[in-house]
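> The structure that follows is given in the form of structure tokens.
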Amino acid sequence: MTRRLMSARMVAAAIVSLAAAAPAMAQPFAKPEDAIKYRKAAFTVLARHFGVVAAMANNRLPYDAKAAAENADIANVVARLPYAGFVPGSERGGDTKADPKIWSEMPKFNAAAQKMQDEMGKLAAAAKSGNMDQLKSAVGATGAACKACHDDYRMQ
Ligand code: ASC
């Protein structure tokens, strides 16, 4: 094998490992509608998995510690996803209730997003503990973080 070929391989390997390490949102969206669809889909999945945990904490579903922990783990990961869809220019261009003020006060919006993600992390830990009181309290705090952002940034 020549020196040249070896180094081409090393470059290829480096590119592959860089791509694997890149954040999930590295690819831009082709059009605003795609970004809007993406963030709504992520919120739909998030609501589903958080909803299962909340329903158990509120006795609307039978408590199953393993299912609660699994759903809370999924919610905790999915909570990181929607915000990649709030790209500049996606204030409109699709079916969205996102308030345009999100884009004029992005630091405040990001702080609200971070708060929800932090609470979702604590929810996953609480669900793992198997302690119902901890779970109830974490569901309350997480739901409050969801609601705070809806009150400020989701239009009716
Ligand atoms: C949910 C869900 C939300 C939040 C919010 C809390 O289960 O889908 O968006 O809780 O309603 O107020």
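The values are calculated or read from the model by the stated rules, or taken from the named source; none is laboratory data. The model shown is predicted, which means the values in this text are computed figures rather than measured ones. Neighbour counts are summed over all protein chains in view; Cβ atoms, including those assigned to glycine, are modelled from backbone coordinates with ideal geometry. We work out accessible area using only protein heavy atoms, side chains counted, and drop any ligands, DNA or RNA first. Shrake-Rupley method; radii C 1.70, N 1.55, O 1.52, S 1.80 Å.
> Work out how much length residue 97 to residue 129 would gain on full extension: take 0.36 nm times their residue separation and subtract the Cα-Cα distance, in nm to one decimal.
Here the segment from residue 97 to residue 129 would lengthen by 7.9 nm.
> Let me ask another. Using label points projected 7 Å from each Cα along Cα→Cβ, tell me how many nm separate residue 122 and residue 77, to one decimal.
2.4
> Given segment 65-131, what whole percent of its Cα pairs are spread farther than 13 Å?
In whole percent, the share of Cα-Cα pairs in segment 65-131 beyond 13 Å is 67.
> Another one. Could you work out how much longer the chain between residue 137 and residue 154 gets when fully extended? Use 0.36 nm per residue separation minus the Cα distance between them, nm to one decimal.
Once the chain is fully extended between residue 137 and residue 154, it gains 3.7 nm.
> Let me ask something else about it. With labels modelled as points extended 7 Å from the Cα through the Cβ direction, what inter-label distance (nm, one decimal) is found for residue 60 paired with residue 30?
Output for this residue pair reads 3.8 nm.
> Before anything else, pin down the relative contact order of segment 112-156: Cα pairs under 8 Å, at least 6 apart, normalised by residue count, whole percent.
Across segment 112-156, relative contact order equals 47 percent.
> What list of ³J(HN,Hα) couplings, whole Hz, do you get for segment 67-78 from phi and the Karplus terms 6.51, -1.76, 1.60, once you set θ to phi - 60° and write x for glycine and proline?
After applying 6.51 cos²θ - 1.76 cosθ + 1.60, I find 5, 4, 5, 5, 5, 5, 4, 5, 4, 5, 6, 5 Hz.
> Of 37/128; 40/66; 31/122; 66/108, which pairs sit farther than 29 Å apart, going by alpha carbon to alpha carbon?
Cα-Cα > 29 Å for 37/128; 31/122; 66/108; rest within.
> Got the relative contact order for segment 72-127 handy, in percent, Cα pairs under 8 Å and 6 or more residues apart?
Once divided by the residue count of segment 72-127, the mean separation gives 62 percent.
> Quick one: with all protein chains in place, what share of the accessible area of segment 83-156 is carbon or sulfur, to the nearest percent (1.4 Å probe)?
Using a 1.4 Å probe with all protein chains present, segment 83-156 comes out at 53 percent carbon and sulfur.
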